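Visitor: Sending over a structure as structure tokens; questions will come in a sec.
Rule-based calculations on the coordinates, nothing more; no lab input. Fair warning: this is a prediction, and the values are worked out from it, not measured in the lab. Reconstructed Cβ throughout: ideal geometry from the backbone, glycine too, with neighbour counts over all protein chains shown.
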Amino acid sequence: MDIKSDLYSLIRKACLLLICLLLWSSTALSTNPDSKPNILFILTDDQSPYDLKIYNPASSLDTPVIDRLAKEGMVFDGAYHMGAFVSGVCTPSRHMIMSGRTVWHIPKSPEASVYVPPMLEEQTLAAVFNRAGYQTMRTCKRGNSYEAANMQFTIRKDKTQRDPDGSEWHADQVIDYLKERDSANVKDPFLIYLGFSHPHDPRNAKAALLLKYGADNEVVPVLPNPESPRLQSNYLSEHPFHFRIPNARDETRVQGVLDRRDEPTIRNELGRYFACIEEIDTQIGRVLRVLEEMGELHNTYVVFTSDHGIAIGRHGLQGKQNLYNHSWKVPFIVKGPGVKANEHKEGNIYLLDVLSTLCDLAGIEAPQTNEGVSFKPVLEGQKEIIRDVMYGVFSGDSKPGIRCVKKGDWKLIKYEVFESKILDGPKIKVSETQLFNLAENPDELLLEHHDPKVVALTGNAPGENQVNLAGLPQYADKLREMEALLLQEQERHNDPYRFSNQYHRK
């Protein structure tokens, strides 16, 4: 009995010791700065998801580092910027990323005085992470951004760099920062905002990459270079109707492009664009290698995205001032602790959800001013989407401009411009509606894409239902449903403008 008693006592003491060790370990991990995850947020300027192989396997663009991030992390097929109320779409997009607020509730919006809380910059990305004990570092282009929020970063290396070595310069700033903090044995976790100035125009790329993609920085060829990227399946030489108002650009000042949308011009510009993106890929690889050598990569969330998409020939457009998916959607990849690897999820996320999600991943309370939704449950495999309906805006100098709404496979786009000017011709009113079933028509092809001349250029023969369905009587009920849903979203987001067939607020 004494032996048994002693044995039980020894077991009890061992169990108590184990519990104490576990409690101590848990406490130590929760208070040790090393246990907090690092964050590397990578943002490109003007990049459509459909040029990456992870979204479009037929693409000729090589991005081995981004492909590896996608394999080791999660790819979002449904990631969007909410929109813009100015032609410089970057500006509202970057305000939303930094503040976690919706498009009509950010500084510079038409009713900012009503919907923007005072001292909002103190509740933005860097400010929130500074208070949580993070070191915050930023490198990015200057301008087109939320300067009051940018000033909250403790280390800033901002400069617009669109020469051939521009992306390397941005990567160098991050690498220098990482090496300095390593030398100083800094243990605080970091949040790094790595913003590249490319592939925004002017797309001045390195000579070797220009050669690879059959492009020229100086001379647009009369005939397309056979090495340049193929035209996209939804390419057109011009948009079917003119919705560009006098001061709302479609990137008509792009060096070597201007108003031209012909095959040689677009393929050359695509080659320059691809060359810039591959260089970005190389520079991301340099940063990741340094993190790995420092032993930091395993505890770092890496987010790769862009501020919005862009057309570059799709639908006869060049810029981002439209709401087709190539310009409304953004590439979005997340890799890090607990993230399901090698998976694609729809997500239905906005860029404005970044703030709440990064806070959630870091165990930080999101600021009360935040209107985004954390998509951490998607990253962990608990959800497929975080919202059912997506709403998009482009509102230039003539109101209301363009709106879209998406639910499930269905998407509605409405256009209304009262002062559109066709070059030097008369002013006209533009009022158009488009309805797409994205399951059947993912490229949002129009009747014009069925033209044999277009088919010969793109090599894509559209199917019967790959058209705008808005005018077809069999889709009248779906059209009414989507029109009602759009108005509901406009009201919910305090959109100050209405279309002629809606009641007027302004």
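Visitor: Give the distance, in whole Å, between the Cα centre of segment 262-327 and the Cα centre of segment 433-506.
Guide: 27 Å
Visitor: If you work out percent of Cα pairs over 45 Å apart from the coordinates, which of [x] 19; [y] 16; [z] 28 do you get?
Guide: The value computed from this structure is option [y].
Visitor: Right, next: 222 nm [θ] for the chain, helices only, -39500 (n - 2.57) per DSSP H run of 4+, per residue, to 500?
Guide: On the way: 14 runs with 160 residues, N = 506.
Calculated mean residue ellipticity at 222 nm is -9500 deg cm²/dmol.
Visitor: Give me Glu292, Glu279, Glu371 ranked fewest to most by other Cβ atoms within 10 Å of their Cβ, as a rough exposure proxy. Could the numbers behind the result be given before it?
Guide: Details: Glu292 12, Glu279 23, Glu371 18.
Taking fewest neighbouring Cβ atoms as first place, the list is Glu292, Glu371, Glu279.
Visitor: At 10 °C and 1.306 mPa s, what whole-number value in µm²/s does Stokes-Einstein give for the translational diffusion of segment 184-312, with Rh from the Kirkwood sum over Cα pairs?
Guide: Numbers: Rh = 17.2 Å.
My calculation gives 93 µm²/s for D.
Visitor: Related question: Evaluate the relative contact order of the chain (contact order divided by residue number), counting alpha-carbon pairs under 8 angstrom at least 6 apart; express in whole percent. It would help to have the intermediate numbers written out before the result.
Guide: Values: 1027 pairs, mean separation 102.3, N = 506.
Contact order relative to length: 20 percent.
Visitor: Moving on. Please report Asp201, Asp397, Asp388 as a ranked list, fewest other C-beta atoms within 10 angstrom at the top and most at the bottom. Each step should come with its number before you reach the end.
Guide: Values: Asp201 23, Asp397 14, Asp388 10.
In increasing order of surrounding Cβ atoms, one gets Asp388, Asp397, Asp201.
Visitor: Moving on. On a 31 Å Cα-Cα criterion, which of the cross-link pairs Lys399/Lys478; Lys108/Lys411; Lys141/Lys329; Lys159/Lys187; Lys187/Lys383; Lys406/Lys429 come out too long?
Guide: Numbers: Lys399/Lys478 25 Å; Lys108/Lys411 28 Å; Lys141/Lys329 21 Å; Lys159/Lys187 28 Å; Lys187/Lys383 34 Å; Lys406/Lys429 25 Å.
Listed pairs above 31 Å: Lys187/Lys383.
Visitor: For His450 and Lys383, FRET efficiency with R0 = 51 Å and r from the beta-carbon atoms, rounded to 0.05? Before the final figure, lay out the partial values.
Guide: On the way: r = 38 Å, r/R0 = 0.75.
So, using R0 = 51 Å, E works out to roughly 0.85.
Visitor: Let me ask another. How many percent of the alpha carbon pairs in segment 339-493 exceed a separation of 18 Å?
Guide: Working: 8337 of 11935 pairs.
Within segment 339-493, distances greater than 18 Å cover 70 percent of Cα pairs.
Visitor: Okay, moving on. If all Cα-Cα distances of segment 175-236 are sorted into 10 Å bins from 0 onward, what percent lands in each bin, rounded to whole numbers?
Guide: 16, 30, 20, 17, 14, 3
Visitor: How do Phe304, Phe41 rank when sorted from fewest to most other Cβ atoms within 10 Å of their own Cβ? Walk me through the numbers on the way to the answer.
Guide: Details: Phe304 28, Phe41 19.
With the fewest neighbours first, Phe304, Phe41 line up as Phe41, Phe304.
Visitor: Rg over Rh of segment 106-179, using C-alpha atoms and the Kirkwood radius, what does it come to? Can you show the working numbers first?
Guide: Working: Rg = 14.7 Å, Rh = 13.9 Å.
When Rh is taken as the Kirkwood radius, the ratio is 1.06.
Visitor: Report, please, the projected area of segment 305-427 averaged over directions, based on the convex hull of its C-alpha atoms, in nm². Provide the component values of the computation, followed by the final result.
Guide: Values: hull surface 39.0 nm².
Dividing the Cα hull surface by four gives the mean projection, 9.7 nm².
Visitor: Let me ask something else about it. Show me the helices of the chain, taken as full DSSP H stretches, that run 20 Å or more along their long axis by Cα and average -0.5 or above in Kyte-Doolittle hydropathy. Write down the numbers at each step before the final one.
Guide: On the way: long enough: 2-31 (43 Å, 0.98); 166-183 (26 Å, -1.25); 263-293 (45 Å, -0.31); 476-492 (24 Å, -0.98).
Sorted by number, the helices that extend far enough and score high enough are 2-31, 263-293.
Visitor: Over segment 50-146, with a single point scatterer placed on each C-alpha, what log10 of the ratio I(q)/I(0) does the Debye formula yield at q = 0.13, 0.14, 0.17, 0.19 1/Å?
Guide: -0.66, -0.74, -0.96, -1.05
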